[in-house]
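Coordinate-derived values only; no laboratory data. Here the structure is a predicted model, which means the values were calculated and not measured. Cβ atoms come from the backbone with ideal geometry, glycine included; neighbour counts cover every protein chain shown.
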Amino acid sequence: MTNSEPTYNIETDEQLVIATPAIKLDDKLKEEILSQVQEEGMVIVHCLYKAEEEGGIRIWQSTFLIDKGSGERSHLHHAENISVAPIWTLVPAGKTYRFTLIFSPLPKSCEFFDLLEDIPESGGFFIRT
């Protein structure tokens, strides 16, 4: 904690000692983890959504990147700052909302891809490149 003023328990008025634990990763383990991240080659897509009117957005787990050359699909692994269906994220009218999607690797030969949210209702994302 960077604040130099003491912190107190509001019920007992006892001063609290707050310490941030030091985390030390073994260099060998750190190297192994970093090599796996680089080998994986995940695809990160940063998205902007401009809400014309107030409403909700969400992403479905059935969202894919599709390699234009081979048709191969890259699966969604993680969604950051957006709800995954069935939960909604409320976006006020006129606001630009930012979120990030992380997908499995595309083929090394991929030059262009489309983003498809393959859902059982209307309104899914489909972005052609």
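Taking 21 Å as the straight-line reach from the Cα of Lys95, the lysines in range (excluding those fewer than 8 positions away in the same chain) are Lys50. Computed 3J(HN,Hα) for the range 82-91, one whole-Hz value per residue from the Karplus formula 6.51 cos²θ - 1.76 cosθ + 1.60 where θ = phi - 60°, is 8, 6, 9, 3, x, 7, 10, 10, 6, 10, glycine and proline marked x.
In the range 110-129, whose amide N lies under 18 Å from the spot 7 Å out along Cα-to-Cβ of Glu52? List them in ranges. Once the point is set 7 Å along Cα→Cβ of Glu52, 122-128 turn out to lie under 18 Å by backbone N, inside the range 110-129.
Please report the net charge: other residues with Cβ closer than 10 Å to the Cβ of Trp60, K and R +1, D and E -1.
Details: positive: Arg58; negative: Glu117, Asp118, Glu121.
Here the count lands on -2.
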